[in-house]
1. Just Val197, Val242, Val205 to compare: in a GNM of the chain, with alpha carbon springs under 10 Å, which one fluctuates most?
2. Of all beta bridges DSSP finds with both residues in the chain, what is the antiparallel percent, to the nearest 5?
3. With a point put 7 Å past each Cα toward its Cβ, work out how far Asp358 is from Glu50 in nm, to one decimal.
4. Over segment 165-248, what is the percentage of antiparallel beta bridges among all DSSP beta bridges, to the nearest 5?
5. Please report the carbon-and-sulfur percent of the accessible area for the chain; probe 1.4 Å, protein heavy atoms only, DNA, RNA and ligands left out.
6. For Leu158, enumerate residues with amide H under 5 Å from its amide H, sequence gap 5+ or separate chain, H modeled in the peptide plane.
7. Hey, in the GNM for the chain with a 10 angstrom Cα cutoff, which one of Asp233, Asp141, Asp177 fluctuates hardest?
8. How many angstrom separate the Cα center of segment 122-155 from the Cα center of segment 213-245?
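The values are calculated or read from the model by the stated rules, or taken from the named source; none is laboratory data. It should be emphasised that the depicted structure is a prediction, and the values quoted were computed from it without experimental measurement. Counting neighbours? That spans all protein chains shown, and the Cβs are built from the backbone with ideal geometry, glycine included. Just so you know, the surface numbers come from the protein's heavy atoms only, side chains and all, with ligands and any DNA or RNA stripped out. Shrake-Rupley method; radii C 1.70, N 1.55, O 1.52, S 1.80 Å.
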Amino acid sequence: MDPDALRADIPALDGVTYLNTGASGPSPRRVVDAERAAIERHEYEAHATENPYASAAALFDDARERLAAFLDTEPASVALTQSTTDGVNRIATALDWEAGDVVVRTDVEHAAGVLPWRRLRDARGVTTRVVPTTEGRIDRDAYSEAVADARLVCLSALTWTHGTRLPVSGLVAEAHDAGAEVLVDAVQVPGQAPMPVESWGAEYVAAAGHKWLCGPWGAGFLYVDPDAAERLDPLHVGYRSVRDPEGAEYEFHAGARRLEVGTVSSGPHAGLIEALDVVEAVGLDAIRSRIEALTDRFKDGLADDRLVGPREYESGLVAFESDRPEALVERLRKRDVVVRALPTGTVRASFHAFNTADDVDRLLDAMAAIGD
């Protein structure tokens, strides 16, 4: 499948220039069809011809295997979640916190990497240290100082504010040298770049399929290092968490599955399996090449002093300055061009492989017509 064939299979692109994949990627028909087929099979057939719980469990097994192949890890190291935020919270509530424990995060984390630690501050007396960044680059001296006695580091592999790639492996190694574990928010990575979870070395990596994979909402996933999994003590427990849910005592599953809980729809992860197939059919190399060409085209048409983030290609996320970001986004939307205003006071355009040079030009022409 080439990028143009992918574009032709995405109904949301009809009549609109969609440049907001960094928030949510629109799904191809075949992804929605796979999700719908799984729901219909479960609701119309499984109840009559087999155990619906066993049918869903089989699909979840398939999803873990498919994700493990995509992440180059083992199925036992993958837990199925509903979102990145869900995955982060499952780790946050399964660690043995004590008052005074320190979490380190950067100042460009999404709310998923901020709010759980605020809650732990209130509930367990956990302290958070915030490492500053400059233009989406982490201050390594400040980082070294912050992790010196930390319990956990939470950082993004790819910043949602600047589109920069953080040096995950190096940051993980430094945290480990200081005795801290690491949780990576990688949601901006899968679908536009490789996601080598094991080579990163982090204990935990949370992500979801609804952005660059163009999968459905509700299909998140979580990588957990096998050794780290055995140290987790989840507060939430259900029949999917344990070896024998009917036993007099309970024993958590080995590996990441101990973080799964109970009954959820199998549809989203059926759609995610199909989305992974779509991305692999297009190919990450082809996706990167297309995104790089589009982001270069946009940056070339944008005044250099407006660009926020790297001039050279790092991702499909491009942020830029605007005097009135919310107003610009709204005026662009009236011209059927969809971008996003960020809490940082900038505007962000996201370019995926289904976008075209014409999409870039429509954005630039609309900005010129608006006078921004």
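1. The residue with the greatest mean-square fluctuation here is Val242.
2. On the way: 22 of 41 bridges.
Counting DSSP beta bridges with both partners in the chain, the antiparallel share is about 55 percent.
3. 4.4
4. On the way: 5 of 9 bridges.
If we restrict to bridges inside segment 165-248, about 55 percent are antiparallel.
5. On the way: 7370 of 15790 Å².
Ligands and nucleic acids excluded, carbon and sulfur give 47 percent.
6. Leu166, Gln188
7. Highest fluctuation among the options: Asp141.
8. 25
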